[in-house]
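Scroll down for the structure; my scribbles are underneath it.
The values are calculated or read from the model by the stated rules, or taken from the named source; none is laboratory data. The model shown is predicted, which means the values in this text are computed figures rather than measured ones. With ideal geometry, Cβ positions are generated from the backbone for all residues, glycine too; neighbour counts draw on all protein chains shown.
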Amino acid sequence: MFTRELQAKLLQLSTKFPFVTLTGPRQSGKSTLARMTFPDYKCVSLEDLDTREFAEMDPRGFIADYPSETIIDEVQRVPSLLSYLQTHSDNTGEMGMYILTGSQNADLMSAVDQSLAGRVGVLTLLPFSHSEMVAAGLPHASIDDEIFTGGYPGIYDRGIEPTDFYPSYIRTYLDRDVRRMKDIGDLSKFRKLVKLCAGRIGQLLNKASLAVECGVTAPTVDSWLSILEESYIIYFLRPDYNNFSKRLVKSPKLYFYDTGLACSLLELRSPSELSSHYLRGGLFENMVINEFFKSAFNKGTEPSLSFWRDSTGNEVDLLRSESGIQSGYEIKSGATFSRDFFRGLNFWGNLSGADSTRKSVIYAGDRAMTTSDGHVIPWDGMRKI
């Protein structure tokens, strides 16, 4: 069992709120983290049909059986239960009564917002971060190995090969979660969309192109992308809107929450196939940006991340805002540093007023440097992000 960086924040919030909600992708380790953090709590899953029917048909009886110190998995399956839990917690005034988990973000947060507003701390757990894997003694042989393997705990806990884990994960997701969330209709076209998204990692979102290639309407693509986003398969990195230039790109860029899942959808069979793959640069960029998301979520904060690009091609891969101050990051999959890596950062810096302390290049090499343009961070330095 591996230590998760989110554990400290989970413990802290349990002393401040009667409820703490853990959300994130299916199999990211939410239930395991909850049980590890609160070993004396009872555990109950609403995926279990009998338990779910009990909670639906007799919520007061359910609460009588689980009056406090309980972990409730997949709580979004019975949203009506939350109103009863809220009344019960208001009557007791206790903190840390229930740890709630769920993997369908929209359904879960809609139910939580309606019933538990002001009474719940919300945390997001993604698959293992680079620093968590290093701390657990799970270093990868190469960058390509880490990109290919991804971060889902089951791969490491149970020694499952990525080529076995991800196809099963995808089938389970499509056959169970997607059908439950919305009437998809033609599942084969939805599968095609998921694969097309993997082929567009790091690119500007073009919904019209996706609609044409899938043979569906633009509103259908909108709906399906929302499903993928709500279930933590993909996310969109929004463009920065600071008015340094009036010719800014306004479309978001598409990424996957786990590069191992993306590699499986791209039908890669081993890390060695990555070295010559057309998307290796995009996958490396995706892995690095994921680390920024994980770093923020593991501290219990909402990531303030974006990218900057103008219509003439000047670009910064990632901007992070902290306390109102933006820092820029250029992400390069090459292992040999070049001063040219700072070209986009320097252009942005001249417009924004960012000095060298706020500009960094993250690259696939192994040497950290400080230059007159900014910091140079090797990929293994991501653990310090």
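The set of residues from the range 264-317 being among the aromatic types (Phe, Trp, Tyr), within 28 Å of Tyr173 (Cα to Cα) and touching a residue at least 40 places away in the same chain (Cβ under 8 Å) comprises Phe284, Phe292, Phe293, Phe297. Residues that are surrounded by fewer than 16 Cβ atoms within 10 Å (Cβ to Cβ) and of a type in the set (Ser, Thr, Tyr) occur at least once in the range 105-125. Before we move on, is Ser306 small (Gly, Ala, Ser) and over 18 Å from Leu204 (Cα atoms)? Here the answer is no, as Ser306 does not meet what is asked.
Determine which member of the set Val194, Val212 is loosely packed, with under 15 Cβ neighbours inside 10 Å and under 25 Å from His277 (Cβ atoms).
Working: Val194 fails: loosely packed, with under 15 Cβ neighbours inside 10 Å.
That would be Val212, the only listed residue that is loosely packed, with under 15 Cβ neighbours inside 10 Å and under 25 Å from His277 (Cβ atoms).
All of Ile331, Ile325 fail the test of being touching a Leu at 6+ places or on another chain (Cβ under 8 Å), aliphatic (A, V, I, L, M) and under 21 Å from Thr370 (Cα atoms), apart from Ile331. The set of residues from the range 6-51 being charged (D, E, K, R) and either crowded, with 17+ Cβ neighbours inside 10 Å or farther than 18 Å from Asp177 by Cα (or both) comprises Lys9, Lys16, Arg26, Lys30, Arg35, Asp40, Lys42, Asp50. Considering the range 184-218, and only residues there that are part of a loop (DSSP other than H, G, I, E, B) and in contact (Cβ under 8 Å) with a residue 40 or more places away in the chain, the residue that is farthest from the chain's Cα centre (by Cα) turns out to be Ile184.
Here Ser251 meets the list (1) touching a Leu at 6+ places or on another chain (Cβ under 7 Å); (2) closer than 23 Å to Leu225 by Cβ; (3) modelled with pLDDT of 95 or more; (4) of a type outside the set (D, E, K, R) almost entirely, failing just condition (3). All conditions in (1) among the β-branched types (Val, Ile, Thr); (2) in contact with a helix residue (DSSP H, G or I) (Cβ under 7 Å, 6 or more places away or on another chain); (3) modelled with pLDDT of 95 or more hold for Val212, with the sole exception of (2). Among residues of the range 135-146 that are under 15 Å from Arg4 (Cβ atoms), those with a beta-carbon under 9 Å from a residue that is acidic (Asp, Glu) and surrounded by 15 or more Cβ atoms within 10 Å (Cβ to Cβ) at least six positions away or on a different chain give the pairs Ala135/Glu5; Leu138/Glu132.
Please enumerate the residues belonging to the range 36-70 that are closer than 23 Å to Thr92 by Cβ and among the basic types (Lys, Arg). Hits for the range 36-70 are Lys42, Arg60. Screening Ser306 on (1) of a type in the set (S, T, N, Q); (2) at pLDDT 95 or above; (3) over 20 Å from the mean Cα position of the chain (by Cα); (4) not in a helix (DSSP H, G or I) shows it passes everything except condition (3).
Scanning the range 309-324 for residues that are assigned to a strand (DSSP E or B), in contact with a Lys or Arg (Cβ under 8 Å, 6 or more places away or on another chain) and either charged (D, E, K, R) or modelled with pLDDT under 95 (or both) yields Asp310, Glu315. Within the range 244-296, the set of residues being buried (at least 19 other Cβ atoms within 10 Å of the Cβ), in a helix (DSSP H, G or I) and of a type in the set (Ser, Thr, Tyr) comprises Thr259, Ser264, Ser295.
Looking across the range 109-132, the residues that are part of a strand (DSSP E or B) and of a type in the set (A, V, I, L, M) come down to Val120, Val122, Leu123.
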